[in-house]
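Undergrad: Here's a structure for you.
What follows is calculated from the coordinates using simple rules that are stated; it is not laboratory data. Being a predicted model, the structure only gives us computed values, none of them experimental. Note: ideal-geometry Cβ built from the backbone for every residue, glycine included; neighbour counts use all protein chains shown.
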Amino acid sequence: MSQIALLLPDFLLILLGYGLCHATQLKRPVWDGVERLVYYLLFPVLLFVAILRQPLQPGTLLTFAGCGLAVVGAGIALSYALGRWPGVDRSLHASGAQTAFRFNSYVALALAERLGGVQSVAWIALLIALCVPVCNVAAVWPLARQAGQNFGKELVRNPLILGTVSGLAGNLLGLQLPDVINTTLTRVGSAALPLGLMAVGAGLQMGALREAPRLAAALMGIRHLVLPLVAIGLVLLAGLPAAQQTVVVAFSALPTASSAYVLAVRMGGHGSYVAGLVSLSTLLGMLGLPLALAALESLRAG
């Protein structure tokens with residue numbers, strides 16, 4: 001399957017991170033520092049540069065962006081609805097709900113480059129710019145409500161939101177960076193993808209899922225089954241160009257965000273349970289993402 005060949009280098013980086021963390025002297029403390037570096041500097045810079053370069057054409061991109069936002073909205077609605085299930089642990093749900101709709105942007109950008117080069121990277125960057133703030137608000141809200149916290153300060157200080165908003169503002173203002181600054185920022189941002197993917201692998205752990213396996217199965221079912229089906233239906237119904245269809249469906253089938261663990265811990269949630277969900281989602285993405293793309297190709301061919 002050609003999609004597996006596209007994904008394999010990125011998932012090999014995840015496996016490399018796992019191996020380095022568990023079989024060498026590069027143990028968890030090293031990767032904790034790597035995660036902070038990527039989360040607070042490298043990845044925001046990558047988002048800023050990618051979005052700054054994206055030509056914003058609201059008329060032609062409106063339907064494309066709407067499909068991406070609709071997929072995220074469906075994930076948020078369904079994950080919140082799980083909190084009303086009888087017997088669901090409210091604290092575990094508040095921590096884990098985010099994993100059903102958040103997405104791993106490191107994998108997204110690396111995959112987009114393999115799927116369609118610079119243009120696909122620009123499209124996925126636009127989806128990230130629009131959906132990261134929505135996902136962060138939706139992720140913080142249940143945790144803040146469960147812990148009785150005010151989440152406004154967390155949102156305005158979120159580095160991913162700052163990177164996306166800055167990129168959009170610079171784009172709309174027609175900002176042109178000097179070549180030396182542009183080259184420097186590009187090189188800084190390019191380090192985010194390999195380091196981010198290896199950090200995902202270094203954080204893989206599954207044991208805590210035993211605390212609520214039914215909830216975990218439901219959240220992962222939304223993330224890796226329902227949302228790709230929703231995306232396939234939306235892009236075919238909307239009649240998007242084939243390349244944009246591929247980007248939206250790939251976006252819908254991504255593993256969940258590794259930073260979900262960081263957010264849960266920072267806000268007093270069940271970090272180990274979320275780490276298990278992130279680990280499981282990463283493994284499911286290896287199979288589910290190429291299957292979603294193959295299903296889209298099959299429907300288009302039929």
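Undergrad: What's the exposure ranking of S281, S298, going from fewest to most Cβ atoms within 10 Å?
TA: The order, fewest Cβ neighbours first, is S298, S281.
Undergrad: Taking the alpha-carbon centroid of each part, what is the distance from the range 83-120 to the range 238-302 in angstrom?
TA: 6 Å
Undergrad: For the range 244-302, what is the per residue volume of the convex hull drawn over the alpha-carbon atoms, in cubic angstrom?
TA: Dividing the Cα hull volume of the range 244-302 by its residues yields 67 Å³.
Undergrad: Okay, next question. I need the calculated FRET efficiency for the pair H22 and L185, taking r as the beta carbon distance and R₀ as 41 Å, to the nearest 0.05.
TA: Here the calculated transfer efficiency is 0.75.
Undergrad: Follow-up. Most exposed first by the Cβ proxy, i.e. fewest other Cβ within 10 Å, how do Y40, Y273 rank?
TA: Final ranking by Cβ density, sparse to dense: Y40, Y273.
Undergrad: Another question, then. With a length cut of 27 Å (Cα positions projected on each helix's long axis) and a Kyte-Doolittle mean of at least 0.5, go through the chain and give me the DSSP H helices that pass.
TA: Span-like helices, by this rule, are 2-23, 58-82, 105-147, 271-301.
Undergrad: Order of W123, W141, W85 from fewest to most other C-beta atoms within 10 Å?
TA: So the ranking, lowest neighbour count to highest, is W85, W141, W123.
Undergrad: Now, a different point. Taking amide H positions as placed in the peptide plane 1.01 Å from N, state which residues far from L240 in sequence (5 or more) or on other chains have amide H under 5 Å from it.
TA: Sorted by chain and number, the residues that satisfy this come to none at all.
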